[in-house]
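Notes to accompany the following structure.
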Amino acid sequence: MPPQPLLPNFVLLGAAKAGSVSLYHYLNQHPQIHMARNNGNSFFALETIDRAANFNAPPDRHWLAYNCVWTVDDFHAQFDAAHPDQVLGDGSPIYLCSDLAAERMRYHVPDAKLIAILRQPAERAFANYNHFRRAGLEPLATFEQALAAEQQRIQLGWGPWPHWFYREIGFYARQINRYLEFFPRDQIKLFLFEDWLADPLKLVQSVYEFVGVDKQFVPDLERRNVGGVAKRGWLKEVMIRPNPLKSIVNALLPAAIRHPLRDRLHRANTIRPTLNPTTRQTLIDDYRADILQLSDIIGRDLSHWLQ
């Protein structure tokens, strides 16, 4: 009898610019977990999508060829290096906002546990825009111009990656409700970005427990895909690249001291663009009903998101 194909036991749904890239790497450090080889392979969002009607922005096709998988066999191969006793995980920041992913997950992995980190949607949209500007993907010079172009981009079939629809993908209640049509609530674990910033280790260990591995494991909590512009490029390189000084600090300082110190240095060395207050308020007004509904879904007060 041929071996059973390998499929994930849990899936990271996103959201984009809410810590999902870092979470993927922290989970992949756990010896009992094997994450899909390509973070963001996006199989569940792409398997049945109409390719001709989508991915028409200039960078889209390059990204698809570089990172994504389209067939079941290629998706199974994402886990071919896993050990038999490891828990398997997949993740893509477009899963949460995809119209297709929830149904395809239900078809392929109905027992999978689903995890999402949700960020205040106006802040998430602005961070998403700035990320793509820094990467040279977003051609429009201001966030307001990109918001004004969003409907035209949808009509032209841009995306769904990169996340060109900065405003549209912030309606989390709508997206979570789509998953609740296919999965019971106890299979979905939802966090807030505030939880991530306040205590990333606590959040990661909560995910470890949720997916059924040893929750006491402590990963190296180096943040990935962090926004902002470095004031001193040399300091950023010292903090993120292997080097003798970093090795000495890692050897001398325990993680409980080292990680908060590194985060403080990063914040002190980072210049962050500021979201125009009028634009922020306009977006909050757009999101207001969805935020209130999301508050009911997750059982948490989100009134600070409306300020």
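Looking at the range 144-170 only, could you name the residues that are hydrophobic (A, V, I, L, M, F, W, C), touching a helix residue (DSSP H, G or I) at 6+ places or on another chain (Cβ under 9 Å) and in a loop (DSSP other than H, G, I, E, B)? Before you say what the answer is, go through the steps one by one.
Of all residues in the range 144-170, those hydrophobic (A, V, I, L, M, F, W, C) come to 146-149, 154, 156, 158, 161, 164-165, 169.
Cutting the leftovers down to touching a helix residue (DSSP H, G or I) at 6+ places or on another chain (Cβ under 9 Å) gives us 146-147, 154, 158, 161, 164-165, 169.
Selection gives W158, W161, W164, F165.
Sub-8 Å Cβ pairs linking a first residue in the range 197-216 that is part of a helix (DSSP H, G or I) to a second residue that is exposed (fewer than 14 other Cβ atoms within 10 Å of the Cβ) and modelled with pLDDT under 95, at least 6 apart or interchain, number zero.
Any residue that is touching a helix residue (DSSP H, G or I) at 6+ places or on another chain (Cβ under 6 Å), within 18 Å of D286 (Cα to Cα) and part of a loop (DSSP other than H, G, I, E, B) - is there at least one of those in the range 111-129? Yes, the range 111-129 contains at least one residue that is touching a helix residue (DSSP H, G or I) at 6+ places or on another chain (Cβ under 6 Å), within 18 Å of D286 (Cα to Cα) and part of a loop (DSSP other than H, G, I, E, B). Of all residues in the range 258-307, those being modelled with pLDDT of 95 or more and part of a helix (DSSP H, G or I) number 26.
The values are calculated or read from the model by the stated rules, or taken from the named source; none is laboratory data. The structure displayed is predicted, hence computed values, not measured ones. With ideal geometry, Cβ positions are generated from the backbone for all residues, glycine too; neighbour counts draw on all protein chains shown.
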